[in-house]
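One structure below.
Values in this text are rule-based calculations from the coordinates and carry no lab data. These figures come from a predicted structure and were not determined experimentally. Glycine also receives a Cβ, built like all others from the backbone with ideal geometry; neighbour counts cover every protein chain displayed.
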Amino acid sequence: MPGGDDGSDLDLELEYRPFSLALETPLETADGTIESRDGFLVRLTAADGQVGYGEATPLPGWTESPADCETALARAGEAIQEGPTAALEAVDEQVAARHAVSLALADLQAGREATPLYRYVGKGPMVGRVPVNATIGDGPPAETAHAAREAVDRGFDTCKLKAGRRSVDDDIDRVRRVREAVGDDVELRVDANEAWTYEEATTALVAFADLDVAVVEQPLPAGALEGHADLRADERGDGVSIALDEGLLEHGVDAICEAEAADALVLKPMALGGIDVARKIAAWVQELEITPIVTTTIDGVVARTGAVHLAASIPDVPACGLATGDLLADDLGRDPVLLERGAAVVPQAKGLGVEGVWDT
Ligand SMILES: [Mg+2]
């Protein structure tokens, strides 16, 4: 490809190095306990000295394995000599690696244009803040209500409650306690993480409609495409939106739109192959009146900041799941994103706005 603003005129070097970030609290999962998040930090350097950073933090069940990620990054490191397009092709099948390489390219290019990343990718107006939801863990009712109240006192006006580890009746009770604790003006979302049968989901939706729950995320297993479409069509849960998260990975956006299986989609750029991929999906589904919700997994500061820029580049973005930095005990570098009164303050420095990550 001839030279141009995609960076193909640049002499680029791609380096990567592994990192391991301890979690604040070990995470119990079906596959065992996770104590750290391990991945690769990517640095692109142009001959003119401009640099760009990317992060690949593979997540079991969502992305390629760490070994496949590293192999893909090594391929990209060689392919970059033929230009950015070749480097992206080298990681096309590995979503975490592709997220890192595409983010580093965008960071470098936005830096060369002296533009914050969200304006480089979105070409849109200046955005000062993006709304962020609080995430409330799957604790007992009183603890859940207390945590939600505390989040609202800190300025959050959207709370996402984790559910699905107890009986549906217990979860309904938890949501009721939360609604009582936070009042009527707070948006409540419930993430069931695939836990329910159709009957259980219907029971929950009827109660949630009453409690003015705005969104239920992934009520049924990821495979249940028709089931989610049926839930949406079922008037018993009217007023509660259905969001798909795990289901997006399983089916892809085409099948979900065709089946009319979702009112909202949870977009995790690190599991979708990059903020460029996530942005395309967001723009497309917004035309179909499906709401994109940008969400991070537990990632280092480079990937989290990329997600904040992604959210800032999406017009009318709703409250997003971007407040996950507290779950890490250490990080790759200083966090340029201030979380303040239920919003992320978007960095306005050039590129990602993340500094010093390679030196520490
Ligand atoms: Mg989810």
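Couple of notes before you dig in:
- Nearest-0.05 FRET efficiency for Glu340 and Val206, computed from C-beta distance (R0 56 Å): 0.95
- Each Cα pair under 8 Å and six or more residues apart adds its sequence gap; the mean of these over the residue count of the stretch 12-114 is a relative contact order of 29 percent.
- 222 nm mean residue ellipticity, helices alone, for the chain (DSSP H n ≥ 4; -39,500 (n - 2.57); rounded to 500): -12000 deg cm²/dmol
- Added length on full extension, which subtracts the Cα-Cα distance from 0.36 nm per residue, Asp38 to Asp316: 96.8 nm
- Distance between the 7 Å Cα→Cβ label points at Asp68 and Glu143: 3.5 nm.
- The string of couplings for the stretch 73-80 from the Karplus curve (6.51, -1.76, 1.60, θ = phi - 60°) is 5, 4, 4, 4, x, 7, 5, 4 Hz, one whole number per residue in order, with x for Gly and Pro.
- The stretch 129-345 shape via C-alpha gyration tensor axes, a/c threshold 1.5: oblate
- The H on the amide N of Asp191, modeled in the peptide plane, is under 5 Å from the matching H of Leu161, Lys162, Ala163, Glu217, each at least 5 residues off or on a different chain.
- Cβ-derived FRET efficiency at R0 25 Å, Glu235 paired with Asp170, nearest 0.05: 0.45
- Full extension of the chain segment joining Ala255 with Met126 gains 43.1 nm, where the gain is 0.36 nm per residue of separation less the Cα-Cα distance.
- Using the Cβ-Cβ distance between Thr85 and Ala30 with R0 = 45 Å, the FRET efficiency computed as 1/(1 + (r/R0)^6) comes to roughly 0.70.
- Helix axis angle, 141-153 relative to the chain longest principal axis, alpha carbon, degrees: 50
- Taking the DSSP bridge list for the chain and keeping only pairs wholly inside it, about 55 percent are antiparallel.
- Violating pairs (Cα-Cα greater than 24 angstrom) within the set Lys123/Lys268; Lys160/Lys350; Lys162/Lys280; Lys162/Lys350; Lys160/Lys268: Lys160/Lys350; Lys162/Lys280; Lys162/Lys350
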